[in-house]
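Report on the following structure.
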Amino acid sequence: MGIEARIWKYRERYVLLLPAVVLFIVFRYIPMAGIVLAWKKFNVLGGLFGSPWAGWTYFRRLFTAPDFARVLRNTIFINGVLRMGIAFPMPIIFALLLNEIFNLRFKRIVQTISYLPHFLSWVVVASLIRPLTSINGPANMIVRALGIDGPVLFLQRPTWFLIIITVSDMWKGIGWGSIIYLAAISGIDPSLYESAEIDGARRLQKMRYITLPSITFVIVILFLLRLGNILELGFDQIFNLYNPLVYNVGDIIGTYVYRVGLQDFRYSFATAVGLFQNVVGLVALVGANWFVKKIGHAGAYTVT
């Protein structure tokens with residue numbers, strides 16, 4: 001079938017797809033022209049293409065900046081260790097537990113409640129967390145009731161700050177993230193469970209030997225997609241919760257680019273940082289995809 005015949009056959013689908021493609025081009029591909037700013041000494045009068053060239057000046061400055069190593073370390077730790085290592089498995093565990101609930105009414109209630117936080121913006125979530133963890137908030141009331149010396153400045157203490165962003169990220173995303181896993185679990189052949197029951201398998205054994213292996217492909221795909229954004233995740237959350245007292249552990253590349261680019265008006269340097277961030281994400285995605293295929297799993301894409 002020729003390309004013209006294929007387009008005509010599926011013309012309704014292409015029409016439905018067209019708005020998304022246009023939005024993606026306008027907001028994703030056209031702005032890529034701004035990457036050239038990383039090699040230019042930007043000035044307002046010259047504009048994007050009229051500003052003089054600066055070569056690799058801003059990239060050299062990037063790798064020699066004393067605060068960039070700290071920002072990169074924080075980004076990798078928060079997004080790589082806390083989000084990928086702790087928060088990422090939670091929707092999987094939650095989906096496995098929900099799948100074991102046989103009371104459909106109770107299951108739907110739990111699902112609905114767990115989905116709701118996803119629809120709250122981080123601005124709203126931060127406006128809830130701040131009073132809860134304030135000096136006179138409920139958290140410090142519990143601290144005083146337990147007889148612990150206080151008050152505890154939760155958002156001003158680095159350790160507590162990292163705990164709060166990890167727990168709030170899990171609370172906000174656990175229900176929504178479990179949707180895909182529940183959909184994958186629903187597609188598992190029931191005869192597999194029936195055969196396992198005949199062989200005397202218990203719930204945990206069925207979960208381990210049937211459910212988890214059956215949704216491994218979905219887990220791998222979502223892991224790779226999240227890994228590709230490892231340096232970009234978390235800006236909204238961190239920006240709305242952090243403060244100068246926790247810059248040492250909470251300042252990530254996204255917030256660093258915001259401060260350097262929009263507050264200090266160092267547009268070219270901020271563009272160089274953002275470009276580095278995207279290149280690292282691409283390399284991480286391609287490398288992880290190659291590794292996953294090497295160990296026998298299907299990756300996020302296949303090069304032919």
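Structural remarks
- The C-beta contact set for region 199-228 (first residue more than 18 Å from SER186 (Cα to Cα), second residue in a loop (DSSP other than H, G, I, E, B) and at pLDDT 90 or above, distance under 8 angstrom, 6+ apart or interchain) comprises PHE223/PHE88; ARG226/PHE88.
- Residue in region 258-269 that is more than 30 Å from LEU97 (Cα to Cα), outside any loop (DSSP other than H, G, I, E, B), under 22 Å from the mean Cα position of the chain (by Cα) and modelled with pLDDT of 85 or more present: yes
- Residue within region 257-266 that is of a type in the set (Asp, Glu) and surrounded by fewer than 16 Cβ atoms within 10 Å (Cβ to Cβ) present: yes
- For region 1-59, the candidate set comprises residues that are more than 29 Å from the chain's Cα centre (by Cα) and basic (Lys, Arg); within that set, the residue that is modelled with the lowest pLDDT is ARG6.
- Options GLY200, GLY261, GLY254; residue that is over 26 Å from PHE77 (Cα atoms) and of a type outside the set (Val, Ile, Thr): GLY200
- When region 172-198 is filtered for residues that are touching a residue at least 60 places away in the same chain (Cβ under 8 Å), surrounded by fewer than 16 Cβ atoms within 10 Å (Cβ to Cβ) and more than 19 Å from LEU233 (Cα to Cα), only ILE179 remains.
- Residue ID - nearest to ALA270 (Cα to Cα), chosen from residues in region 23-38 that are touching a helix residue (DSSP H, G or I) at 6+ places or on another chain (Cβ under 9 Å) and free of Cβ contacts under 8 Å to residues at least 60 places away in the same chain: VAL36
- Scanning region 101-119 for residues that are touching a residue at least 12 places away in the same chain (Cβ under 8 Å) and loosely packed, with under 13 Cβ neighbours inside 10 Å yields ILE113, LEU116.
- Neighbours by Cβ (under 9 Å, 6+ apart or cross-chain): first from region 76-100, farther than 16 Å from ILE185 by Cα; second modelled with pLDDT under 90 and basic (Lys, Arg): ASN79/ARG226; ARG83/ARG226; MET84/ARG226; PHE88/ARG226
- When ASP251, ASP169, ASP236 are screened for being more than 21 Å from GLY34 (Cβ to Cβ), within 20 Å of the chain's Cα centre (by Cα), in contact (Cβ under 8 Å) with a residue 24 or more places away in the chain and surrounded by fewer than 16 Cβ atoms within 10 Å (Cβ to Cβ), only ASP236 passes.
- Those helices (runs of 4 or more DSSP H) of region 130-234 in which at least 1 residues are farther than 24 Å from LYS293 by Cα and out of contact with any strand residue (DSSP E or B) (no Cβ under 6 Å at 6 or more places or on another chain), considering only elements entirely within it, cover 138-145, 158-186, 190-198, 203-206.
- Among (1) surrounded by 12 or more Cβ atoms within 10 Å (Cβ to Cβ); (2) under 21 Å from the mean Cα position of the chain (by Cα); (3) modelled with pLDDT of 90 or more - the single one MET84 does not satisfy: (3)
The values are calculated or read from the model by the stated rules, or taken from the named source; none is laboratory data. Keep in mind it's a predicted model, so treat the numbers as computed, not measured. In this analysis, Cβ positions are derived from the backbone assuming ideal geometry, glycine residues included, and neighbour counts consider all displayed protein chains.
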